[in-house]
1. Under 8 Å for C-alpha pairs, at least 6 residues apart: give me the relative contact order for segment 99-341, rounded to a whole percent.
2. Which one of Val332, Leu375, Val391 has its Cα pushed farthest toward the positive end of the charge dipole of segment 317-422, where Lys and Arg give +1 and Asp and Glu give -1 at the Cβ?
3. Note the per residue figure in Å³ for the convex hull of the C-alpha positions in segment 293-385.
4. Rank the residues Thr265, Thr330, Thr223 as a footprinting-exposure proxy: fewest other Cβ atoms within 10 Å of their Cβ go first.
5. Most exposed first by the Cβ proxy, i.e. fewest other Cβ within 10 Å, how do His166, His280, His193, His324 rank?
6. Determine the gain in length on full extension of the stretch Asn256-Asn125; use 0.36 nm per residue of separation and subtract their C-alpha separation, reporting nm with one decimal.
7. Could you size up the charge dipole of segment 99-341 around its Cα centre, putting +1 on the beta carbon of Lys and Arg and -1 on that of Asp and Glu, and report it in debye to the nearest 20?
8. If every alpha-carbon in segment 212-330 counts as one equal scatterer, what log10 I(q)/I(0) does Debye give at q = 0.17 1/Å?
Amino acid sequence: MKSKFLAVRNLIFFGLFILVFLSGAFLREDLRNLYYKYIPYEIRNAFIKNDPLGDTSFDGMRFKLNAYYAKNAEEINFHSPIVSKQIETKLQKSASLNKVVYADKIDKNIIWVTHQGYIYKANPNNLKDFSFSYIGDILPNFDVSNSNSGIRGAISINNSNLAIYHVSKYDSNPSEKYAIRLTLIDFSNKKRHDSVLIDTSDVANQLGGGMDYDKDKNLIHLTTGDASLMNDFERSLKAQKNEKLFGKHIVFYLDNNKEKILKKTVLAKGLRNAQNMFLHKNNVFEVEHGPQGGDEINILSEGNNYGWPLCSYGSNYGGDNGSHLNCKSTFVEPIFHFTPSIGISDIDECPSNLLRDGYQPCIIVSAMKDKSFRLIKFNKEFNNVISVERVDVGNRVREILIDEKILYLFTDSEKFYKFEYEFHKVDK
């Protein structure tokens with residue numbers, strides 16, 4: 001009888017212990033969730049280690065937090081150096097913003113190009129009033145048969161000419177269904193100037209498409225993807241093969257009229273799925289998707305090998321078999337990588353009025369999977385990342401456009417956002 005009583009008592013005590021433990025765990029979980037929800041890792045980590053602004057006070061922390069809350073700054077009462085004004089525009093169904101591959105400000109208008117072959121134009125003061133046209137008709141054998149084909153990248157050469165990196169149907173070889181081309185067009189007059197074949201492939205996946213134009217040297221920079229499938233090591237090896245132009249950094253030289261492609265030169269190799277790039281202060285910045293993890297920010301230089309698919313901070317989907325761990329000292333490391341992946345999508349210089357002591361030099365990267373953008377502060381030599389600040393958007397961000405102090409974000413939800421940054425004095 002006594003043993004039964006003790007057993008029941010012990011069971012009751014054990015139950016009470018479990019109840020108290022779980023309630024405490026839930027409380028700790030709630031606090032932890034609040035902490036992790038409102039203070040992103042990059043900010044927590046940077047604040048704990050050191051304050052890149054040289055100020056370990058709470059004002060320095062608020063500076064970072066406001067960058068994180070930039071799109072909601074008007075609703076949240078932060079006494080911060082930055083105030084953000086956000087305008088969200090939902091476009092008509094007839095004009096698709098899905099998969100914007102390029103955006104720019106040309107001749108006082110905002111233009112954006114989608115992978116389906118449409119180009120849109122709007123006055124920045126009235127973003128709902130826009131026009132659009134179809135340029136797929138002037139691209140040779142233009143193919144939009146799946147979500148990975150179509151236009152993969154674009155860059156403006158002047159007020160009327162665009163360079164388009166795109167997928168075309170290829171009938172010359174039954175085993176190679178797709179032709180990957182670079183085409184120069186006059187988008188105002190819907191005229192094609194010149195087109196060159198870059199390479200052919202049996203798949204249209206992971207083709208990359210980062211582009212920029214060097215006005216001083218009159219050449220186009222292009223970064224291509226490895227044209228492979230998920231966990232497809234054999235196809236990925238094209239990024240290492242010199243005879244293939246997949247997974248490469250290539251430059252194309254133009255004639256003086258900017259209407260003809262004269263020649264091309266491969267500068268670097270070992271890229272996986274380059275999403276975009278930009279030229280900044282003698283540096284060529286590139287962002288690319290890793291496999292499962294390992295999204296990269298690279299600074300590209302002639303003659304370098306960036307390692308893919310032999311070396312990566314990411315792993316195969318569904319489990320790693322060690323295929324990306326064959327790193328060599330000759331491979332060039334990314335300047336920064338994101339693991340887990342954020343679905344990195346674009347890169348540009350920060351808005352002009354962010355380029356002050358606290359943020360200079362500064363670049364901005366966008367993310368699709370993570371539905372955000374990040375302000376990234378470098379040291380002056382551009383060989384070390386000092387801080388990374390995440391700004392939640394709530395939609396997949398595919399393309400960035402910087403117009404002085406204004407930031408435009410083009411998303412996959414047929415919305416784009418406009419942020420206008422202004423500095424205000426900090427109340428001490």
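1. 11
2. It is Val332, whose Cα lies furthest towards the positive end.
3. Considering the Cα atoms of segment 293-385, their hull volume per residue is 106 Å³.
4. With the fewest neighbours first, Thr265, Thr330, Thr223 line up as Thr330, Thr265, Thr223.
5. Lowest count first: His280, His193, His324, His166.
6. Gain on extension, Asn256 to Asn125, equals 43.7 nm.
7. Its charge dipole is roughly 460 debye.
8. -0.81
The numbers here are math on the coordinates, done by the rules we state, and not lab data. None of these values were measured; they are calculated from a predicted model. Neighbour counts run over all protein chains shown; Cβ positions are idealised from the backbone, glycine included.
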